[in-house]
Structures are given as structure tokens and as C-alpha cells.
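Okay, so here's the structure we're looking at.
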Amino acid sequence: MVSAYVDHAAGGTLTDVDGREWIDFASGIAVTSVGNSAPRVVEAVRAQVERFTHTCFMVAPYESYVAVCEQLIALTPGSFEKRAALFNSGAEAVENAVKIARHATGRPAVVVFDHAYHGRTNLTMALTAKNMPYKHRFGPFAPEVYRAPMSYPLRDGGLSGAEAARRAIDVIEKQVGGSNVAAVLIEPIQGEGGFVVPAPGFLPAIAAWARANGAVFVADEIQTGFARTGQWFASEHEAVEPDLITTAKGMGGGLPIAGVAGRAELMDAVHAGGLGGTYGGNPVACAAALAAVETIRELDLCAAAQRIETAIRGALSDLDPGVAELRGRGAMMAIELVLPGGTEPDPTRTAAVSKTCHDAGLLTLTCGTYGNVLRFLPPLVISDEHLGRGLGILRDALRT
Ligand SMILES: *Cc1c(COP(=O)(O)O)cnc(C)c1O
């Protein structure tokens, strides 16, 4: 966290009220992928605020809501017929995906994974794995949520994707029963849980099992979506076509907006008025989202994310034995810190490195079930100079 209040920010830096500048490897948690106050976003928001700020889409509709839905339908993987709906936050999108899956299947159970993070509302706390700080003393939690083991190559003895999927499916079949499962919900790369990239083959195998058992496969792409990992959506890296996808964060260029997109027959199953909300798809946020999508396209930010991955891998390739792994995709990269000689997590060093970076003018975030993962989420528009300087600070911090 920046220790002083922010005055202004751009595509790769934050400046506080005293004029001190930080290089931004956080993007407000993967939100400002197109940069802070990105020119097209600013212009679109200004123009929309002057026209109208709110009607509630269900009371008096407007074209930009439909346009954002059309973009979601076009950009998300899956060649089948789709529908989309808009909400305000990631947690709200996840809640709605579960509502849709339960309604469409008539089944109760939702399967989630170890290390998962899906939000902080009551249902999404139940879906989230980690107690502190997300769940502790906030229960009781929503029922019919079941947790399966995740593919976590560093910590599961190097199971292959197929083996890890078999292990998860065994748990689901024994403890829940395939015919009771409404939805299998998973982050294609886990975010708050530690930037865990499952072994190749894991996601396709879980998706195939869901399909074969009549369960809805939901990809939570709230952190991974909108070019962050070098593709529009991370599911594309393994050619997975989720039945439903939840999006938020990078979608709105800094304004709060979220969405659910997916199979028309699932989305259409819900009765009219069953989904919605006062502010969902607010016109100012829709204008920002359309401008963010345009920016990602015009600046080819998928390619930019891939270049950022190459730069991070280059700068962090030769680290000490306390760095167990450098992993991630695109501009969603992390290192996991352990005590040398094993895989015992080292949250103390992780916090110390993060603080050293901060003191030297680089904003990084930690994450992970064990608090021992340092993650890098620069804006996709960050300049080579800021990226290089940030990586230099990081290397120095890891050496001290
Ligand atoms: C951030 C996040 C959420 C929750 O989004 P909010 O907008 O904070 O409610 C859900 N799932 C994932 C994967 C996230 O990274």
C-alpha cells in the first residue's frame, strides 16, 4: 500500500500529494490495465457524464449497455450463441453466475478449489478458500459449496494436469456426486490465492468433466481477463470454452463494472427480472468499458502483456534458492518465496522484499494462501523505461 495519499496517476506511475512518484506494479489490483486516466477513457467518461449519468437499464435502456454486452459476447471464448449481463463488482458477477447455473440446472452444489478467491460477499466468502483475512468471524456461510484440490505444481508433488484433475474429480464424485453439481467455478490462473498456474491439461479435463456431467463450467476471469495474461481471456491459452465467464477489474478502465457472459440457453433460462440491480452497467462505467476495449485493441495490449512477460522473465531468471518459482502469464507474473532447501513458505522475506521495493519507489503486492507470493501486475501500457526501472528495484530488493 502507498503510505501517502495519491494525487494523480498515469500509465505506470502513481504520484502522491507530496510529489513523490511510485512505479506501479499493482494497477489497483489488475484494474487499470489501460493505464490510469487513459485518454480514451477520460474522454468517453466526460462525454457520457454530460449526456446522462444514470437511468437504471431496466427502467430506461441505453445503447452503451448493449454495446458492452456485444463486446463481451464477441471477445469471450466460445463459438456458441451467447448472452451477457452487467453488474458492478466482481463478487456480484460471481454471485450471478452461480444464480444462473443453479436456475438453469435445477441443482444446488457449487464446486470450487483450494486457494480460490471469488470475493467478499456472503456467497463469495463461502466460495473463497482462505480464512484470514477474508472469512474470519464473518460466518455462517452459504451452504452447498464444496472444495476440490487444485493443481498447484510447486506444491502437489508435480502432478500432471490429468493426474491433478483425476484427484479433483474423485473428490467431487465421492463427496458431492456429479448429478448434484450446478457449477464448477475456477480461476484459470488463481489471483489472490497466489498466481497459481495449473499444470497443462488440468483446466480442459475439469471442463470436460463438467460438460459430461451436465454441470456449468464457470471461469472466473475477473483478474485474468481483458488482455492481462496476453490473450483477451486466460481460458484461451488452453483452448477452453467456459459455459459462463465472469469479468470485472480490467474491463472498466478504472470504473466499477462487471459482467457475466456465456451460453444463451443458460442465461435465457432465468425468468425476466430475476437478475439485475439498480446500478448494474451504469452508463458512465459502460462508456469507460467501451473506451478500455478500444484502447486494448488499438494499442494491441495483448502483445504488450506478452512483452511484459518476456521482460520480467529476463530480469528475474537467475534468482537465489529462496525463490522457488517464477510463474504466471503475460502481465500477471509472480515469484513464490520459500526457505532455502525446501518448499516451506517464507512470508517474512516476502513482506520485507515488498517493503524494500516500496521504500525505493516501486509498488508491488503480495498474495498467496501462505502470504509468500510477490505478484507483478503492471499496467499493460507501462513504458519500457518504467518497467525496466521497476525490475531493477525488485532485483536489488531481492539481493538485500
Ligand atoms: C477481485 C476478484 C474478485 C472479486 O471482485 P470484486 O470486484 O472485488 O468484488 C472475484 N474473483 C477474482 C478472481 C478476483 O480477482
- Work out from phi, with θ = phi - 60° and the Karplus expression 6.51 cos²θ - 1.76 cosθ + 1.60, the ³J(HN,Hα) of each residue of segment 293-306, listed in order in whole Hz, and give x for Gly and Pro. 4, 4, 5, 4, 5, 5, 8, 6, 6, 5, 5, 4, 4, 5
- Note on the structure: With every protein chain kept in place and a 1.4 Å probe, segment 43-298 has an accessible area per residue in Å² of 38 Å²
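By how many nm would the segment from MET132 to ARG297 lengthen if fully extended, with 0.36 nm per residue of separation less the alpha-carbon distance?
55.6 nm
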- Query: Got a number for carbon plus sulfur as a percent of segment 43-298's accessible area, 1.4 Å probe?
  - Reply: 53 percent
- lysines near LYS249 by alpha-carbon distance under 24 Å, same-chain residues fewer than 8 away left out - which ones? LYS82, LYS99, LYS130, LYS135
- Task: Determine ³J(HN,Hα), in whole Hz, for all residues of segment 370-380 in sequence, where each value follows from phi through the Karplus function 6.51 cos²θ - 1.76 cosθ + 1.60 and θ = phi - 60°; x replaces Gly and Pro.
- Result: 9, x, 10, 10, 9, 10, 10, 10, x, x, 6
- Message: Can you work out the Karplus-derived ³J(HN,Hα) for every residue in segment 23-29? Use 6.51 cos²θ - 1.76 cosθ + 1.60 with θ = phi - 60°, whole Hz, and x for glycine or proline.
- Response: 7, 9, 9, 10, 6, x, 6
- Message: Between ALA60 and GLU385, what is the label-point separation in nm under the 7 Å Cα-to-beta-carbon projection?
- Response: 4.8 nm
- Among PRO188, GLY11, VAL45, flag the residue with its Cα farthest along the positive direction of the charge dipole of the chain, charges on Cβ as +1 for Lys/Arg and -1 for Asp/Glu. PRO188
- Message: Between VAL41, VAL94, VAL176, where does the largest GNM mean-square fluctuation fall for the chain, given springs only between Cα atoms within less than 10 Å?
- Response: VAL176
- Message: Show me the three semi-axes of the equivalent ellipsoid for the chain, from the C-alpha gyration tensor (sqrt of 5 times each eigenvalue), largest first, rounded to whole Å.
- Response: 31, 28, 18
- Query: Roughly to the nearest percent, how much of the accessible area of segment 314-400 is carbon and sulfur, given a 1.4 Å probe?
  - Reply: 54 percent
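The values are calculated or read from the model by the stated rules, or taken from the named source; none is laboratory data. This is a predicted model, so every value here is computed, not measured. With ideal geometry, Cβ positions are generated from the backbone for all residues, glycine too; neighbour counts draw on all protein chains shown. Only protein heavy atoms, including side chains, enter the accessible area calculation; ligands, DNA and RNA are left aside. Shrake-Rupley method; radii C 1.70, N 1.55, O 1.52, S 1.80 Å.
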